[in-house]
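Before any comments, here is the structure.
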Amino acid sequence: MTRLKRLDATLLADLSRQALTSPRQRDNYNFHPRPDDHVQRLCIALEPDSYVRPHRHPEADKWEFLVALKGRALLLLFDDDGCVSERLTLEPMGKVSGIEIAPNTWHTLLAEVTGTVILEVKQGPYIPVSFSNFADWSPRESSGNVTHYQAWCRTARLGDYYR
């Protein structure tokens, strides 16, 4: 068993390179050894074209804590109808570098610059987001509307709905 796992410049650079070549334009490195661990700790590298479909984690203990390690990311929160309720830019040493998202909160994350890496900590075990917990008011990943939706997200203001 490895006694020490490093979160360093080499890891961030390697993860960003892997994200650039990934079809989904993102990749992650898990510090936790198993999906059923009680605390999930991972770095997520994502590129500006990566699509994180708005989703929620309805389980009462499924909060998420996100910290920007590198780059800049836009975080949008929504109400149940898809209205933008919060808009934050996460960046290391920026006005906001980290945020905790409460359970059952609709959210999405978009990289604003290449090489963006986020640290995520959340309660385990890992449970994949079920289809019913992806926002039906947002396009599916396989649809042709993703690019349009991402452009809308980048300019959406509080109170806006995607149409």
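Below are the figures for this structure:
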{"item": "Partner aspartates and glutamates for Lys70 [C-alpha distance under 19 Å; skip if fewer than 8 residues away on the same chain]", "result": "Asp8, Asp14, Asp27, Glu47, Asp49, Glu91, Glu100, Glu112, Glu120"}
{"item": "Mean projected area (nm²) of the alpha-carbon convex hull when the range 9-84 is viewed from all directions", "result": "6.4 nm²"}
{"item": "J(HN,Hα) series, the range 54-65, from Karplus relation 6.51 cos²θ - 1.76 cosθ + 1.60, nearest Hz, glycine and proline x", "result": "x, 8, 9, 10, x, 4, 4, 9, 9, 6, 10, 10"}
{"item": "³J(HN,Hα) computed for each position of the range 101-111 - Karplus, 6.51 cos²θ - 1.76 cosθ + 1.60, integer Hz, glycine/proline x", "result": "9, 5, x, 6, 9, 5, 7, 9, 9, 10, 6"}
{"item": "Amide proton proximity set for Glu86, modelled H, under 5 Å, gap of 5+", "result": "Leu77"}
{"item": "Backbone HN-Hα couplings from phi across the range 128-136 [Karplus 6.51/-1.76/1.60, Hz, Gly and Pro as x]", "result": "x, 5, 7, 3, 5, 9, 9, 5, 6"}
{"item": "Rg and Dmax [Cα atoms of the chain; Å; Rg one decimal, Dmax integer]", "result": "15.4, 51"}
{"item": "Hydrodynamic radius (Kirkwood) for the range 68-162, which is based on Cα pairs only, to one decimal in Å", "result": "14.4 Å"}
{"item": "Over the chain: helical MRE at 222 nm, DSSP H runs n ≥ 4 each giving -39500 (n - 2.57), nearest 500", "result": "-4500 deg cm²/dmol"}
{"item": "On Cα atoms only, tilt of 146-155 relative to the major axis of the chain in degrees", "result": "90 degrees"}
{"item": "Gyration tensor verdict on the range 75-131 (Cα atoms; rounded if a/c is under 1.5, prolate if a/b is larger than b/c, oblate otherwise)", "result": "oblate"}
{"item": "Cross-link partners of Lys122 among lysines (Cα-Cα below 16 Å; sequence separation of 8 or more within a chain)", "result": "Lys62"}
{"item": "Charged-residue dipole, Cβ positions (Lys, Arg, Asp, Glu), the range 9-155 about Cα centre, Debye nearest 20", "result": "380 debye"}
{"item": "Mean separation of Cα contacts under 8 Å, 6 or more apart, over the residue count of the chain: relative contact order %", "result": "28 percent"}
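Every number here is computed from the coordinates shown, using simple stated rules; none is lab data. It should be emphasised that the depicted structure is a prediction, and the values quoted were computed from it without experimental measurement. Don't worry about glycine lacking a Cβ; one is built from the backbone with ideal geometry, like all the others, and counts go over all protein chains shown.
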